[in-house]
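The values are calculated or read from the model by the stated rules, or taken from the named source; none is laboratory data. Keep in mind that what you see is a predicted model, and the values were worked out from it rather than measured. So basically every Cβ, Gly included, is an ideal-geometry build from the backbone, and we count neighbours across all protein chains shown. Calculation scope for accessible area: heavy atoms of the full protein, side chains included, ligands and nucleic acids excluded. Shrake-Rupley method; radii C 1.70, N 1.55, O 1.52, S 1.80 Å.
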Amino acid sequence: MFESLTERLGTALRNLRGVGRLTEENMADALKEVRTALLSADVHFKVAREFVERVRLSCEGQEVLKSVTPGQQVVKIINDELVSLLGEGTTELAQARPLKILLVGLHGSGKTTTTAKLGRLLAKRGKKPLLVACDIYRPAAIDQLEFLGRQENLPVHADRSSRDVPAIGRAGIAAAKEAGCDAILFDTAGRLQIDTDLIEEVKRLRREVQPDEVLLVADGALGQEAVNVAKAFNEAVQLTGLVLTKLDGDARGGAALSMKAITGCPIKFVGTGEKTDDFDVFHPDRMASRILGMGDVVSLVERAQESIDQHEAEKMAQKMRKADFNFEDFLAQMRHIKKLGSMESIIGMLPGMSGLKVGDEAEDKLKQTEAIIQSMTRQERLNPNILNGSRRQRIAHGSGTRVSDVNQLLKQFGQMRKMMKKMRGGGMRKMMRAMGGGGGGGMVPPGMRG
Amino acid sequence: MLSLFKRFKDGLTRSTRNLLDRTGRLFGLKKLDAASIEDLEEALHGADFGVETADAIITEIRTAYRKNPDMGGKQAAEIGAAVLRDLLRTAEASLAPAATSPTVVCLVGINGSGKTTTAAKLAHLLRAAGHRPLLAACDTFRAAAIDQLRTWAERLDFELVAGQHGADAAAVAFDAWQAARKRGHDFLLVDTAGRLHTKTNLMAELGKIRRVLAKNDPAAPHYSLLVVDASLGTNSVDQARVFHQQFGLDGIIVTKLDGTSRGGALVAIHRELGLPIHFVGLGEQAEDLQPFSADAFVAALFGLEREEIPA
């Protein structure tokens, strides 16, 4: 696991604590750590070097050396520099009508999926998109686009008999005109930037269809090569923007910085999941935190909001206020939290915790708690007070646990209820609000404490 | 053997040309200086070996340079090659047939790493070695993934067992094993849906495929191979780590090594996890999947002419 930049800097600056301020010499050490952190996040060597230089100048200008907490100050400057570098340029698409968008990229970067996702997004914005299948090489690529088009209710133009890609593009524009579509998305075959024949082909397609946007679709986990890929595609087809895919993984995404720095093309969209609506406009601040390993609280909150039904959450908060919280509710809460992902992935999004290992113990404990509750009858879940010795024994038996485990859970549950009662005068409401959201979504059941 | 090495080298030519373009000049220098060592450092970092490996190589070169300021580029290349060769000493591996037939090979990996194409190429390679592979199209999730493998199977004339889109992948794997047994295939290649290693539920689904296959043969799958895209950076190590933890890997297949990326991530994966590299993908043709040769990889990377292996 990577250490977060904050930790690395912490180590580099530890010796300074007593002195209380940075010297130019120590600053050099700290910047070396910054460089290593950037390289570990797949930022290109040259880009990293130039970036560190920029940070150094910036630090000198802002008198960091005299600051009380130089480490944090440095991190802040780096973060600000990153955000400004990543965020230059607009994420808006061109205003043309019809809007023609050409998607290009390496094999397996996610062009076909992105075409469908972008089509869906444009449809949501009130456009009428048409997808054109220009990948005539990969087996079943046309089938894949047609399938996605059907799923999203978007028309697809394809010609299985043609080997002439520019002609397919031209026919696609005609088809769009006929169908009254005002956005045309061209999905192309994956190609290496050094494959001269295929690059020639996409150049011809570009000349033929005269796109308003040329987007390079790139895997967010790309390595050092990202720079050459972006540079070559930019020279060949003059990119207008970048789309980063598979950002639902845990790649640091330093390639984003490299590609942005080298081509100057703005990053316009990011792909964040397998579903067609897992697609978002680019947020430079989130990307910066990610590259620096500073956690991604915003994404966590968003994920929580996505997977928790607002209405249900309201209801839960009501129940909590009245303290008539039972095991059925408890189970529902646990499942909400599970929907957010594994404990490890949740914790990874918290600032400063990205390197923290969550043992399987915590996960096991959670599983055990769920098993115990599921071994209860509905009546028992609704009214835990009826749980006498023999019922507890049965539950322990049914869930493969010991009676002491069941007792422990009941005790924790009792404490929780007591706490809720105490909080009844408005305190709870305040607490829930502080947890981000009007509902009970932020509440952590005691089983999670491991 | 000789031809194998040549093909490997030819396939790698494109990928290594780039490192050589940059370093060739350096490695060709009669005498190194501070600036050329700096350039060398850049090229090494550009190869995705990971910061530790790149730093280790450059540190050795610097140490040698301090001792011998007249050191030439060739020596620097040899130092780098020695470090890598040492790291990759145990990195080669082969697919030995299992005691009970069919030998089951499961291909797993993230989306777009090249599993389906690799499944077809691997079938081709196995047939060339005299085996009778059966393909199991267990990517029932991605739109048209089954069609993609079917097209390959038709093109290369392989038998294929496939389920419906949206079917239970584990059930398809189970049926495919039964079919392989009945029809006398000695290898079963299971193509699975791409999944990011961070998706807990999808990773759990992989476990199900393993459990269901084990019902047929407790030792199956005999080889669980992670398919990794050579153009990815440090994250491929994280991918490998999580897949290894959750699914138990036996090795790695590195694809798209014909690009300009140096595929240095395979060094990082092997260094971190000790998993062998079974195959590398060197092009788009069916025969472009080749067994990994550490010597050839290192020699090509550093532009060292390598003594021919006796046949």
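Worth pointing out:
- For segment A:243-269, filtering for residues that are within 14 Å of chain B (Cβ to nearest Cβ), modelled with pLDDT of 90 or more and farther than 17 Å from A:L82 by Cα leaves 3.
- A:A218 vs. criteria touching an Asp or Glu at 6+ places or on another chain (Cβ under 9 Å), aliphatic (A, V, I, L, M) and within 13 Å of chain B (Cβ to nearest Cβ): no
- Enumeration of residues in segment B:104-120 that are open to solvent by 10 Å² or more (accessible area, probe 1.4 Å) and in contact with a Gly (Cβ under 7 Å, 6 or more places away or on another chain): B:N111, B:G112, B:G114, B:K115
- A single entry from B:I61, B:I37 fulfils the requirement of being modelled with pLDDT of 90 or more and either open to solvent by less than 30 Å² (accessible area, probe 1.4 Å) or within 18 Å of B:F297 (Cβ to Cβ) (or both): B:I61.
- Helices (runs of 4 or more DSSP H) completely within segment A:96-208 that count 1 or more residues being of a type outside the set (S, T, N, Q), open to solvent by less than 10 Å² (accessible area, probe 1.4 Å) and away from chain B (no Cβ under 12 Å): A:111-124, A:165-179
- Pick from segment B:67-99, criterion part of a helix (DSSP H, G or I) and of a type in the set (D, E), ranking: surrounded by the most Cβ atoms within 10 Å (Cβ to Cβ): B:E78
- Every residue from segment A:221-238 that is assigned to a loop (DSSP other than H, G, I, E, B) and either touching a residue at least 40 places away in the same chain (Cβ under 8 Å) or within 8 Å of another protein chain (Cβ to nearest Cβ) (or both): A:A221, A:G223, A:Q224, A:E225
- Filter pass, A:D280 being away from every other protein chain (no Cβ under 11 Å) and open to solvent by 20 Å² or more (accessible area, probe 1.4 Å): yes
- Taken over segment B:180-191, the criterion of being away from every other protein chain (no Cβ under 14 Å) and not small (G, A, S) is satisfied by B:R181, B:K182, B:R183, B:H185, B:D186, B:F187, B:L188, B:L189, B:V190.
- Every residue from segment A:30-61 that is open to solvent by less than 10 Å² (accessible area, probe 1.4 Å) and over 28 Å from the mean Cα position of the chain (by Cα): A:A30, A:C59
- Within segment B:100-179, strands (runs of 3 or more DSSP E) holding 2 or more residues that are more than 9 Å from chain A (Cβ to nearest Cβ), under 24 Å from the mean Cα position of the chain (by Cα) and without any contact (Cβ under 8 Å) to a residue 60 or more places away in the chain: B:133-138
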